[in-house]
Amino acid sequence: LLLLLSLPPSTFLPFPQKDLKKYNFHYWFVFPALFPNDPLTTLSIKTIGSVWNDQQLQSLQKAYDSFRSAHPGIGFFIVVMTDDGTAALHELREAETCLSTEKFMLGFCDPSTMETNPGWPLRNLLILAAQKWSDRLNVVDVLCYRDYTRDGRRLVSHSLLLEGVKLPDKMSTDVLPKVTGWEKNDKNKSVPKMVNLSSSMDPVRLAESSVDLNLKLMRWRLIPSLDLEAVSSTKCLLLGAGTLGCNVARCLMGWGVRHITLLDNSTVSYSNPVRQSLFTFHDCSSGGKHKAKAAVESMRLIFPGVKAEAVDSSIPMPGHSVGTNAEAIQKARKDVETVEKLVQTHDVVFLLMDTRESRWLPTLLTSAHSKICINAALGFDTYMVMRHGFRPQPGTETGSPGVIVGGCGSGIPGDQLGCYFCSDVVAPTDSTRDRTLDQQCTVSRPGISMVAGALATELLVSLLQHPLKALAPSDSHTEDDSESESCLGLIPHQIRGFMSRFQNVLPASQAFDKCTACSPVVLSRYREEGFDFLLKAFNTPNFLEDLTGLSQLYAETDDDQVWELSDGEDDM
């Protein structure tokens, strides 16, 4: 009751409900007015123009202007008339002083335009007076102040003067009084109104805000520390626009990533649309559209706010000899320059290709340029998702500790994790050689690519939420009560899934000093020689093994095996 009484007469209360997905706004205004226990009575109702002279009217107008300037938004006041006909306005809080004078009256800003009927704030004012001063007041005069301009002249003479108004009985503060003032709709019913703003807004902006709203709901309701800006501002390069590439692109858009580039040099075939979610049957006609271009067109149809680009290019690979032909070398150089420039201008690179050897050059480039690299590969009923170890630029101190055992975030530091090739003791070669067409195709259970694509995206997002970002140590513990410095949970090095058992394992491995893709000797030679080094890796068998010391490791291993066999023969 006291809260309602404390509201100035100009106060209105909106009760809005916003549907931010469809941009429907439901609203209902109430101008609260209390019902007194008994009807209000007054001895007379007059206009002040018929009672006061021009000097008094001008004094009232001047006093009101001063009061409104000093107390904006306050519509209840006390009017005191001096003996010389000068008016003064005071706040209700000064009532104790004003009530002791003889010529005082209560006043309010009257919104009513009816000649003899005051507006609804009068009821609130009189009930307030009864609650506060009923022990000292029984009857009071009230000024219904009205102010408008006609023909360039400001007039207040039509304001009403209510003489001898009897105050209502004091209300109990323990019982909610009856209140009116709910705004009615066009059919004169007391129900909320609705306005649809979607038709007046840009559909693209609507889509963007709706996508952002779903993500912000996660932060508002579940994860207050979720850094959505770190995700949306990340530039992602997807190498491969096939089964994995399509699913990763869809997941990235779902997380609000705006800048996505896809690289692929193949075309859409009739077998693709059912497994690759960005393609349709029409993309297969006339020999098939280029996959990267078709995928980007589909992404823009799904979400016009995405800044998607398509690159039609191939990736040179070890084991696939470029040869000595000048034209072939020039093409390989151009392809390398294209891939390297894309790696340099993006923050994250996803390796989503079909063959093992096609991942070698991007792995080398992401290590050389210190980029986050997420790798995903499929088998028939298995999948592997991993983040490559982050290789800082030479001379950069990362401050990463050694292997941490136990505690929050226990595992291998991010700059000491291995890459896709660190677990191999052979250099990549042509994996499609001497294979029939059906053997060259990736054959896997249809749902695996969606699982792996989702895990690859979620691994990146979790990594971006960690304070150390790419340098975050690997998490391999899977207890439900384990803690992580990322608000989204664990950040493993690898996720290896087995669909036949519906099981995941989270292994972690350190970088291999003889790795053919990310070892210091490989990165150093690449930085020194550039494309000439790459050309040797493409054309020369065993070049990478000889460079990294794998060939010597093979020889030492063979010698150990022969020596052990000879020792056994002597014992016989």
Residues in segment 128-138: is at least one open to solvent by less than 70 Å² (accessible area, probe 1.4 Å), closer than 20 Å to Phe31 by Cα, part of a helix (DSSP H, G or I) and touching a strand residue (DSSP E or B) at 6+ places or on another chain (Cβ under 7 Å)? yes
Which residues, counting only those in segment 456-475, are part of a loop (DSSP other than H, G, I, E, B) and either surrounded by fewer than 17 Cβ atoms within 10 Å (Cβ to Cβ) or modelled with pLDDT of 90 or more (or both)? Gln465, His466, Pro467, Leu468, Ala472, Pro473, Ser474
Kindly list the number of the only condition in (1) modelled with pLDDT under 95; (2) surrounded by 17 or more Cβ atoms within 10 Å (Cβ to Cβ) that fails for Met572. (2)
Here the qualifying pairs (Cβ atoms under 6 Å; residues six or more apart or on different chains; first in segment 548-559 and modelled with pLDDT of 80 or more; second open to solvent by 60 Å² or more (accessible area, probe 1.4 Å) and in a helix (DSSP H, G or I)) come out as none
Examine segment 198-210 for a residue that is touching a strand residue (DSSP E or B) at 6+ places or on another chain (Cβ under 8 Å) and closer than 20 Å to Lys22 by Cβ, and state whether such a residue exists. yes
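Do the conditions hold for Lys293, that is, is it part of a helix (DSSP H, G or I), touching a residue at least 12 places away in the same chain (Cβ under 8 Å) and open to solvent by 40 Å² or more (accessible area, probe 1.4 Å)?
yes
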Kindly establish whether Phe77 is surrounded by 15 or more Cβ atoms within 10 Å (Cβ to Cβ), aromatic (Phe, Trp, Tyr) and either closer than 24 Å to Ala130 by Cβ or touching a Pro at 6+ places or on another chain (Cβ under 6 Å) (or both). yes
Top-ranked residue in segment 530-540 [being in contact (Cβ under 8 Å) with a residue 12 or more places away in the chain and not aliphatic (A, V, I, L, M); ranked as surrounded by the most Cβ atoms within 10 Å (Cβ to Cβ)]: Phe538
Note: among Gly453, Gly414, just one is open to solvent by less than 20 Å² (accessible area, probe 1.4 Å), at negative phi and at pLDDT 95 or above, namely Gly453
Is there any pair linking a residue in segment 447-471 that is closer than 18 Å to Met218 by Cβ and without any contact (Cβ under 8 Å) to a residue 60 or more places away in the chain to one that is among the aliphatic types (A, V, I, L, M) and open to solvent by 10 Å² or more (accessible area, probe 1.4 Å), with Cβ under 6 Å and at least six apart or on different chains, and which? Ser462/Leu488
When residues of segment 93-112 are limited to those that are assigned to a loop (DSSP other than H, G, I, E, B) and farther than 20 Å from Gly73 by Cα, the one most open to solvent (accessible area, probe 1.4 Å): Glu102
List every residue pair whose Cβ atoms lie under 6 Å apart, where the two residues are 6 or more positions apart in sequence or sit on different chains, the first residue falls within segment 157-184 and is free of Cβ contacts under 8 Å to residues at least 12 places away in the same chain, and the second residue, located anywhere, is in a loop (DSSP other than H, G, I, E, B). Lys184/Ser190
Quickly run through segment 256-276 and pick out the residues that are assigned to a loop (DSSP other than H, G, I, E, B) and surrounded by fewer than 20 Cβ atoms within 10 Å (Cβ to Cβ). Arg258, Asn265, Ser266, Ser269, Tyr270, Ser271, Pro273, Val274, Arg275
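Looking at segment 142-156 only, could you name the residues that are in contact (Cβ under 8 Å) with a residue 12 or more places away in the chain and touching a Ser or Thr at 6+ places or on another chain (Cβ under 9 Å)?
Within segment 142-156, Val142, Leu143, Cys144, Tyr145, Arg146, Asp147 qualify.
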I'd like to know if segment 506-521 contains one or more residues that are part of a helix (DSSP H, G or I) and either among the aliphatic types (A, V, I, L, M) or open to solvent by 40 Å² or more (accessible area, probe 1.4 Å) (or both). yes
Of (1) open to solvent by 30 Å² or more (accessible area, probe 1.4 Å); (2) more than 14 Å from Arg146 (Cβ to Cβ), Glu115 fails just (2)
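Among the residues of segment 333-373 satisfying the criterion of being among the acidic types (Asp, Glu) and open to solvent by 10 Å² or more (accessible area, probe 1.4 Å), which is farthest from Leu244 (Cα to Cα)?
So the residue we want is Glu337.
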Given the residues Ser286, Ser314, which is the only one that is small (Gly, Ala, Ser), open to solvent by 60 Å² or more (accessible area, probe 1.4 Å) and either part of a helix (DSSP H, G or I) or over 30 Å from Ser210 (Cα atoms) (or both)? Ser286
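The values are calculated or read from the model by the stated rules, or taken from the named source; none is laboratory data. No experiment lies behind these values; they were computed from the predicted model shown. Heads up, the Cβs are rebuilt from the backbone with ideal geometry, glycines too, and the neighbour counts pull from every protein chain shown. Just so you know, the surface numbers come from the protein's heavy atoms only, side chains and all, with ligands and any DNA or RNA stripped out. Shrake-Rupley method; radii C 1.70, N 1.55, O 1.52, S 1.80 Å.
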